[in-house]
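The values are calculated or read from the model by the stated rules, or taken from the named source; none is laboratory data. The model shown is predicted, which means the values in this text are computed figures rather than measured ones. When we count neighbours, we look across all protein chains shown, and the Cβ atoms used for this are built from the backbone with ideal geometry, even at glycine. When the accessible area is computed, the model is the full protein with side chains, heavy atoms only, and any ligands, DNA or RNA have been set aside. Shrake-Rupley method; radii C 1.70, N 1.55, O 1.52, S 1.80 Å.
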Amino acid sequence: MPKTPVTFTLNGAETGIFVDPGLNLLEALRREAGDLSPKFGCGQGTCGACTILINGEPHLSCLTLAVAAQDADISTTGGLAPGADLHPLQQAFADGFAAQCGFCTSGMLMAAKALLDRNPRPTRDEVVEAISGNLCRCTGYDPIVDAILDAAARVQGRVTA
Amino acid sequence: MTIHTGRGFACINYPIGMNLGGDPSQALVHSTPDGKFMVTLSAIDLGQGMKSVCRQIAAEALGVPIEDVYVDTADSDTGPHDMGSFASRGTHRMGNAVIRASSEARAQMMEAAAEELEVSAADLDTDGRGNIQVKGAPSKMITVADTAIAAQFKQGRTLSGRGIFLIEPSGVDWDTGEMSPVTTYAHAALVIDLTVDDETGEVEVKHINSAYEVGRALNPKLVEQQLIGGAWMGVSHALYETTEPYYPARDHLPQDFNTYLMPGPGETVPHDIAVLERPAADAPYGGKGPGEMCANPVLPAIANAVYNAVGVRVDKLPITPEKILRGLQANGGAKPGPRQPGTPQ
């Protein structure tokens, strides 16, 4: 079966790849586009480790067909910090010890970014809801929720730490 | 329908490592030509912070800034042998091996510096900021970087060290069955406050109060992180998840995240932690580490709290609403145990 060309914007860069029609976007990003920041956790939309932003909305890339990404604007954790400075979410995660093994972190960051982009001053409950599709087996979640609230405060100039 | 409150207590003595076979760990340390140090291990950092702690330990034993120490782990092709990251042994076993390897590398570093400064190595000390000084005359000094360069390009000397930590393998006394499987224990005590709904069997853990004795907390934030996450896992083991729901039948064995329950970010439990530090004599700088103990006492404390709340003794995990309701039925209803002072009503 011939491969299908797909073009999209990945973290601000025009990207073109050739994919099998059934390939999911997670595999396409990792194998064809070379962005290893979205993680393969379960491959069935349960764990959230593969969360990316498509046109600003959080999506599970393992459940998204790569061909559906045509002309999309895709953001992944790989593009969160283009320069030397970490994104406020990354800095808050590091400062707040919100990662242990780190496998969920990429998806958590993107779910959190989607929240803060549309709601810069979320309540704790709103943060909990925003990451409720992302599983973590190490941290017990509270450090992650705290870090997201901390990042929101930093962006707002309300420094808590 | 009544919501019953209950309080449960559990404590734990937790073995650090396992003596059988001596439980060895090895570490290698070598300097790069610019005076940085690489610690090579084949033990694995599972996220608990073993890499960070070994980096701290190496910096302390070498006497150099922590920024100048790198830890390379988890490749058993390139690293020296290690039994692995299990049995709550990481900080204790790997840390001890790292101290020994670092001490040997430090001795060579001091010899190289002594040769450059034309003094005795015994008269030298590190300042922990990347310099080696003559004791009592700190202006007579050489940087660790210059020492490494001299060793590499002038003296033809390696600044490296090998370390192994092996404890005397424990045998069994065939008459008494006595043995000594471990050399040191960590300790914890934990109180759970929860509620049980006697109509639905639902348990809600309200609060965890814990005290952990982990030797010296070499990295207090990592210790706290591990204790928070471990308690969450303990709650999950106690009330939510099981790998074998119909043991010994293997039916409905969880295959993936979507086939068993665990608490989500909205079901976390407030947890107040006290860390008690009693440095252990045979531990690296006294640190034993929290290890697996961070999850374990949560389970019996929850089981005891459920018993205290409604009088149902569940002896199979997880403690599901179904098991509690069956217990209530067998007992003819809820039979709350004595209220302890301070138990929330």
TODO: Name the residue, out of A:C101, A:C62, A:C50, whose mean-square fluctuation peaks in a Gaussian network model built on chain A with Cα pairs under 10 Å.
DONE: A:C101
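Please calculate how many Å² of accessible area region B:93-135 carries per residue, with a 1.4 Å probe and no DNA, RNA or ligand atoms counted. Let's see the in-between values first.
Working: 1730 Å² over 43 residues.
Per-residue value: 40 Å².
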Task: Overall Cα dimensions of region A:68-120 - principal axes, largest extent first, Å - done: 37, 25, 23
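Using the heavy atoms of the protein chains and a 1.4 angstrom probe, tell me the accessible area per residue for region A:1-150 in square angstrom. Could the numbers behind the result be given before it?
Numbers: 6550 Å² over 150 residues.
Heavy-atom SASA per residue in region A:1-150 reads 44 Å².
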TODO: Work out Dmax and Rg for chain B from the C-alpha atoms and quote the Rg first, both in angstrom.
DONE: 25.7, 87
Open item on the list: Need the C-alpha centroid separation for region A:1-74 versus region B:93-126, integer Å.
Closed with: 52 Å
Open item on the list: Looking at chain B as a GNM with Cα springs under 10 Å, which of B:I66, B:I57, B:I16 has the largest mean-square fluctuation?
Closed with: B:I66
- [ ] Taking the Cα centre of region A:88-160 as origin, work out the dipole magnitude from +1 charges on Lys and Arg Cβ and -1 charges on Asp and Glu Cβ, in debye rounded to 20.
- [x] 140 debye
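For chain B, give me the percentage of DSSP beta bridges that are antiparallel, rounded to the nearest 5 percent.
So the antiparallel bridges in chain B amount to around 80 percent.
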TODO: Pull up the cross-link candidates among the aspartates and glutamates for B:K221, meaning alpha carbon to alpha carbon under 13 Å and not fewer than 8 places away within one chain.
DONE: A:D95
- [ ] Sort out for me the Cα centre separation of region B:29-78 from region A:89-151, rounded to whole Å.
- [x] 29 Å
Task: Positive-pole candidate from B:A27, B:S88, B:V39, dipole of region B:1-104, charges at beta carbon - done: B:S88
Task: Degrees between helix B:321-331 axis and first principal axis of chain B (Cα, 0 to 90, nearest 10) - done: 50 degrees
- [ ] Taking DSSP loops as anything outside H, G, I, E and B, show the longest stretch in chain B free of chymotrypsin sites (Phe, Trp or Tyr not before Pro) there with at most 13 other beta carbons within 10 Å.
- [x] B:1-173
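Suppose every Lys and Arg Cβ carries +1 and every Asp and Glu Cβ carries -1, with no other charges. What dipole size does region B:37-170 come out with about its Cα centre, to the nearest 20 debye? If you can, show how the numbers build up before the last one.
Values: 12 positive and 18 negative charges, 43 e Å.
Once rounded to the nearest 20, the dipole reads 200 debye.
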- [ ] Name all residues of region B:40-56 having a backbone nitrogen under 20 Å from the label point set 7 Å from the Cα of B:S103 along its Cα→Cβ direction, giving them as ranges.
- [x] B:40-41, B:53-56
TODO: Identify which of A:G78, A:G48, A:G22 has the largest mean-square fluctuation in a Gaussian network model of chain A, with springs joining Cα atoms closer than 10 Å.
DONE: A:G22
Open item on the list: Given the whole protein assembly as supplied and a 1.4 Å probe, what does the accessible area of B:D175 come to in Å², nearest 10?
Closed with: 150 Å²
- [ ] DSSP loop (so not H, G, I, E, B), at most 16 other Cβ within 10 Å: list which trypsin sites (Lys or Arg not before Pro) in region A:1-107 pass both filters.
- [x] A:K3
Task: Rounded tilt (10° steps) of A:105-118 against the dominant C-alpha axis of chain A - done: 80 degrees
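Any idea what the relative contact order of chain B is, in percent, if you count C-alpha pairs under 8 Å spaced at least 6 apart? Don't skip to the end; give the middle numbers.
Values: 791 pairs, mean separation 85.7, N = 345.
Dividing the mean separation by the residue count of chain B yields 25 percent.
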TODO: With a bin width of 5 angstrom, please list the P(r) values of region A:1-81 as percents of all Cα-Cα pairs, from the 0 bin to the one holding the largest distance.
DONE: 3, 17, 31, 28, 15, 5, 1, 0
Open item on the list: Looking at the protein assembly as shown, I'd like the Rg to Rh ratio, where Rg is from alpha-carbon atoms and Rh is Kirkwood's inverse mean 1/r.
Closed with: 1.03
Task: Dipole axis of region B:266-345 (+1 Lys, Arg; -1 Asp, Glu on Cβ), positive-most option in B:Q340, B:P284, B:C294 - done: B:Q340
Open item on the list: As I understand it, the dipole of the protein assembly as shown uses +1 on the Cβ of Lys and Arg and -1 on the Cβ of Asp and Glu, about the Cα centre. Which of B:A238, B:V69, A:A114 lies farthest toward its positive end?
Closed with: B:A238
Open item on the list: Taking a cut-off of 18 Å, what percent of all Cα-Cα pairs in region A:88-160 are separated by more than that?
Closed with: 25 percent
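Going through region B:61-139, which GluC sites (Glu not before Pro) have at most 14 other Cβ atoms within 10 Å and a DSSP loop state?
B:E118
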- [ ] Could you work out the equivalent-ellipsoid semi-axes for chain A, taking the square root of 5 times each eigenvalue of the Cα gyration tensor, largest first, in whole Å?
- [x] 28, 16, 13
